[in-house]
Amino acid sequence: MLLTMTMAAEAKVTVSKAAFGKMPDGTAVDVYTLKSDSIEAKITNYGARIVAIRTADKAGKVGDVVLGYDSLAGYLADKKTYFGAVVGRYGNRIAKGEFKLDGKTYQLPQNNDGNTLHGGTVGFDQHVWTAKQTADGVEMSLVSKDGDQGFPGTLTAHVKYTLTGNALRLDYSATTDKDTVVNLTNHTYFNLGGVGSGTIVDEDVTLNADKFTPTDKGLIPTGVLQPVEGTPMDFRKGLVIGKHINDKYEPIVLAGGYDHNWVLNGAAGVSKTAARVHDPKSGRVLTVTTTEPGVQFYTGNFLDGSFKGPGGVVYAKRTGLCLETQHYPDSPNKPSFPTTELKPGQTRHSTTTFTFTAEK
Ligand code: GLA
């Protein structure tokens with residue numbers, strides 16, 4: 001009896017590996033399939049990306065709820081969306097691609113209207129990570145050399161994906177050999193109705209945040225932590241995304257929808273609920289918990305239909321939403337924001353978990 005139970009518990013998550021394609025230089029890239037009794041997640045070591053998450057709706061129908069491609073070629077052809085990727089060394093924006101550290105000024109590639117976005121021209125999303133299969137997941141590792149994209153210090157990053165039942169957990173860690181800055185996140189686009197089901201504007205979102213960081217027109221935070229109270233940014237009690245997404249409210253106009261950092265309630269470094277997304281049609285619910293102090297809620301405003309997914313599905317405007325748990329954008333230039341600095345001897349840890357359920 002005991003033996004059977006142990007075996008059943010062990011059989012809960014299976015991990016398998018398959019070829020996903022080849023880089024232009026011939027390097028082989030793989031895809032790992034993590035399977036529990038309720039979720040199947042596919043992760044590739046190209047950009048340490050989440051390729052697919054298959055989960056049931058309220059009627060028990062299984063569907064893929066993340067935007068992506070079915071082979072490496074799709075990802076290589078798309079340098080714009082960051083589908084599913086771990087972005088780094090610095091997720092989101094650094095103003096003018098410039099920051100000072102220990103009295104020295106560092107210049108990064110300005111790949112987004114004069115600013116640096118998601119780590120520069122060749123960010124972590126475009127690297128082949130080293131993958132190590134674990135009992136219930138896969139661990140991705142990357143060494144980014146001193147001077148990579150202009151950042152100081154050799155940075156060693158690990159992202160461990162672990163599947164437990166209906167929860168996919170991401171444990172990030174990073175170390176350096178020189179003072180540097182680091183902000184790792186995951187850029188998965190979710191569509192709880194399933195890929196190809198249309199836009200996400202009818203999904204409702206709850207964000208555990210009393211404040212957000214308003215920006216200039218280049219989406220660089222002004223430095224102010226602004227209360228959401230009485231604004232279209234107030235998601236504390238749940239809000240249908242489409243309700244205010246086209247409002248003439250300045251932050252929304254500047255971003256073309258939602259594309260902002262919310263300041264999460266609760267202490268940084270401690271796990272707390274960041275967000276909850278519910279799709280009334282399918283009944284699927286995504287809950288995001290994190291130890292990070294912020295979350296970038298982005299409604300896929302820049303998706304323009306130029307990329308197509310499996311079966312020819314068109315990735316059109318607002319057909320996916322991102323919940324990028326993070327330190328605030330442009331922190332290296334904002335001394336009042338929680339620091340993104342990392343020194344030799346320190347390890348930067350963070351954990352984010354995506355949990356999927358369905359409501360009748
Ligand atoms: C982040 C940014 C957006 C956009 C996407 C990628 O979410 O905040 O402005 O650049 O990445 O398209």
TODO: Taking the residues in region 318-333 that are assigned to a loop (DSSP other than H, G, I, E, B) and within 19 Å of residue 120 (Cα to Cα) as candidates, determine which candidate is farthest from the ligand (Cβ to nearest atom).
DONE: 327
Open item on the list: Can you list residue pairs whose Cβ atoms sit under 8 Å apart, with the first residue in region 315-332 being on the phi > 0 side of the Ramachandran plot and the second being aromatic (Phe, Trp, Tyr)? Count only pairs 6 or more apart in sequence or on different chains.
Closed with: 330/337
Task: Given (1) touching a strand residue (DSSP E or B) at 6+ places or on another chain (Cβ under 9 Å); (2) without any contact (Cβ under 8 Å) to a residue 60 or more places away in the chain; (3) within 16 Å of the ligand (Cβ to nearest atom), number of the condition residue 217 does not satisfy - done: (1)
- [ ] Could you please give the count of residues in region 42-77 that are closer than 20 Å to residue 203 by Cβ and under 19 Å from the mean Cα position of the chain (by Cα)?
- [x] 10
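For every residue, the table says whether it meets (1) under 21 Å from residue 117 (Cβ atoms); (2) in contact with a strand residue (DSSP E or B) (Cβ under 8 Å, 6 or more places away or on another chain).
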residue	(1), (2)
288	no, yes
291	no, yes
318	yes, no
330	yes, yes
341	yes, yes
Open item on the list: Could you go through region 316-339 and let me know if any residue there is over 26 Å from residue 219 (Cα atoms), surrounded by fewer than 23 Cβ atoms within 10 Å (Cβ to Cβ) and over 20 Å from the mean Cα position of the chain (by Cα).
Closed with: no
TODO: Starting from region 55-77, take each residue that is polar (S, T, N, Q) and list its partners that are in a strand (DSSP E or B), counting only C-beta distances under 7 angstrom and pairs at least six apart or across chains.
DONE: 55/39; 55/62; 55/284; 55/356; 71/20; 71/21
- [ ] Within region 202-231, track down each residue that is among the charged types (D, E, K, R) and in contact with a helix residue (DSSP H, G or I) (Cβ under 9 Å, 6 or more places away or on another chain).
- [x] 202, 203, 204, 216, 217
- [ ] Might you check whether a residue that is within 30 Å of residue 107 (Cβ to Cβ), touching a Leu at 6+ places or on another chain (Cβ under 9 Å) and not small (Gly, Ala, Ser) occurs anywhere in region 263-272?
- [x] yes
Task: Given (1) aromatic (Phe, Trp, Tyr); (2) over 18 Å from the mean Cα position of the chain (by Cα); (3) not in a loop (DSSP other than H, G, I, E, B), index of the condition residue 354 fails - done: (2)
TODO: Identify the single condition in (1) within 16 Å of the ligand (Cβ to nearest atom); (2) touching a helix residue (DSSP H, G or I) at 6+ places or on another chain (Cβ under 8 Å); (3) aromatic (Phe, Trp, Tyr) that residue 99 does not satisfy, given that it satisfies every other one.
DONE: (1)
Open item on the list: Of all residues being within 24 Å of residue 350 (Cα to Cα) and among the basic types (Lys, Arg) in region 49-96, which is nearest to the ligand (Cβ to nearest atom)? Just the residue, please.
Closed with: 93
Open item on the list: Whether any residue in region 191-204 is polar (S, T, N, Q), touching a residue at least 24 places away in the same chain (Cβ under 8 Å) and under 15 Å from residue 50 (Cα atoms) is what I want to check.
Closed with: yes
Task: Verdict on residue 28 being at pLDDT 95 or above and surrounded by fewer than 17 Cβ atoms within 10 Å (Cβ to Cβ) - done: yes
Open item on the list: Suppose we filter 158, 118 for residues that are in contact with a strand residue (DSSP E or B) (Cβ under 7 Å, 6 or more places away or on another chain) and in contact (Cβ under 8 Å) with a residue 40 or more places away in the chain; which single one remains?
Closed with: 118
Task: Pairs with Cβ under 7 Å, 6+ apart, first in region 11-31 and touching a residue at least 40 places away in the same chain (Cβ under 8 Å) and under 17 Å from residue 164 (Cβ atoms), second surrounded by 10 or more Cβ atoms within 10 Å (Cβ to Cβ) and among the aromatic types (Phe, Trp, Tyr) - done: 15/32
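What number of residues in region 176-228 are part of a strand (DSSP E or B), β-branched (Val, Ile, Thr) and under 26 Å from residue 65 (Cβ atoms)?
Pass one, region 176-228, residues part of a strand (DSSP E or B): 176, 180-181, 183, 185-186, 189-190, 204-207, 209-213, 215, 221, 226-227.
Narrowing further to those that are β-branched (Val, Ile, Thr): 176, 180-181, 185, 205-206, 213, 215.
Add one more test, that the residue is under 26 Å from residue 65 (Cβ atoms), and what stays is 185, 205-206.
So the answer is 3.
The values are calculated or read from the model by the stated rules, or taken from the named source; none is laboratory data. Everything numeric in this text was worked out from a predicted model, so none of it was measured. We place every Cβ from the backbone using ideal geometry, glycine too, and count neighbours over all the protein chains shown.
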